[in-house]
Amino acid sequence: MREFDYRILITGQLSTNKYRYPNEKKEVICTTTLLSGHGLNVIIDPGWRDEPLLASLREAQVAPEQIDIVYVTHMHADHIRSIRLFPGARWLASPREIDNWRVKIPEADRDILERLEPVEDEIVSGLNIVQTPGHTLAHTSVLFRHDGRRVLVAADAVLVKEYYEHREVHVISEDQELAKQTIDEIKTLADIVIPGHDEPFEAF
């Protein structure tokens, strides 16, 4: 099976995390991941913080023009808005997620939705799209192999490590029970989880 290298460009955080900072409010930041291999650079969930993302790409010695594909796991604004930094890339998302947001996307993000190409099953060979519904009804994650291990870019199917441990989901999840079932399934899928608002951790 084809393998890919990965690099965390931005480590995300929740606005509140009752396990780490229960009495604080922070800026919502999503985790952004760069996957590289086989002549391709793929970003999963570019987020909405342009300057930190560009700075991290410079550190990785990857120019925006060298990004071939940007895949978004779901259509929440904090995961998608910096996609505009990559006009030369293909913009991809699952067809159900695109369809589900046609009537509820904010006008500020409609240009993104209209340009997204629907893709099912895999982004390219070795980057597999996994259905992880609950946070949004058509939320997806990306599963790949690195050094023989299964790595899942889980996005908001897993918010942070503590929520994974305690089987907790975001209060705004469209189907909270389904989101909890998705966490259970993820525990069988991956060796390493890259959550939506935290650093990667070993699955267990």
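Computed from the coordinates by the stated procedures, all read-outs in this text should not be read as laboratory data. Note that this is a predicted model, so its numbers are computed, not measured. Heads up, the Cβs are rebuilt from the backbone with ideal geometry, glycines too, and the neighbour counts pull from every protein chain shown.
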Practice prompt. Would you mind telling me the antiparallel percentage of the DSSP bridges in the chain, rounded to 5?
Written response: 65 percent
Item to complete: Using Cα centres only, tell me the gap between the range 94-153 and the range 13-76 in whole Å.
Response: 15 Å
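Run through the DSSP bridge list for the range 91-204 and note the antiparallel percent, rounded to the nearest 5.
Values: 13 of 19 bridges.
Within the range 91-204, antiparallel bridges account for around 70 percent of the total.
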Worksheet item: Which label belongs to the value computed from this structure, given these candidates for log10 I(q)/I(0) by the Debye sum over Cα atoms at q = 0.09, 0.15 Å⁻¹: (i) -0.51, -0.89; (ii) -0.30, -0.88; (iii) -0.35, -0.97?
Response: (ii)
Worksheet, complete the sentence: The answer for ARG90, listing residues at least 5 apart or on another chain whose modeled amide H is closer than 5 Å to its amide H, is ILE69, VAL70
Response to the item:
Note, GLY196: beta-carbon cut-off 12 Å, +1 each Lys/Arg, -1 each Asp/Glu, net -4
Worksheet entry | For the range 96-103, 3J(HN,Hα) per residue [Karplus equation, 6.51 cos²θ - 1.76 cosθ + 1.60, θ = phi - 60°, Hz, x = Gly/Pro] | 5, 5, 4, 4, 5, 9, 4, 9
Item to complete: Could I have the simple spin-label model distance between GLU174 and GLU120, label points 7 Å from Cα toward Cβ, reported in nm to one decimal?
Response: 1.7 nm
Worksheet entry | In order through the range 19-28: 3J(HN,Hα) via Karplus (6.51 cos²θ - 1.76 cosθ + 1.60), integer Hz, x for Gly, Pro | 8, 10, 9, x, 10, 10, 10, 10, 5, 6
Item to complete: Under a cut-off of 24 Å between alpha-carbon atoms, report the lysines in cross-link reach of LYS18, not counting same-chain residues fewer than 8 places apart.
Response: LYS26, LYS161, LYS180, LYS187
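Could you please rank HIS139, HIS170, placing first whichever residue has the fewest other Cβ atoms within 10 Å of its Cβ?
Fewest-to-most Cβ neighbours within 10 Å comes out as HIS170, HIS139.
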Worksheet item: Most mobile of THR31, THR73, THR188 per a Gaussian network model of the chain (Cα springs, under 10 Å)?
Response: THR188
Discussion item. If the elastic network links every pair of Cα atoms under 10 Å, which of ARG115, ARG149, ARG20 fluctuates the most in the Gaussian network model of the chain?
Written reply: ARG20
Worksheet item: ILE10's amide H: which non-local residues (gap 5+, or another chain) put their own amide H closer than 5 Å, with H modeled 1.01 Å from N in plane and none for Pro or chain starts?
Response: THR32
Fill in: Taking the range 5-202 and dividing mean pair separation by its residue count, relative contact order in percent (alpha carbons under 8 Å, at least six apart)
18 percent
Response to the item:
Quick note on TYR163, TYR71, TYR21, ordering by fewest other C-beta atoms within 10 Å, gives TYR21, TYR163, TYR71
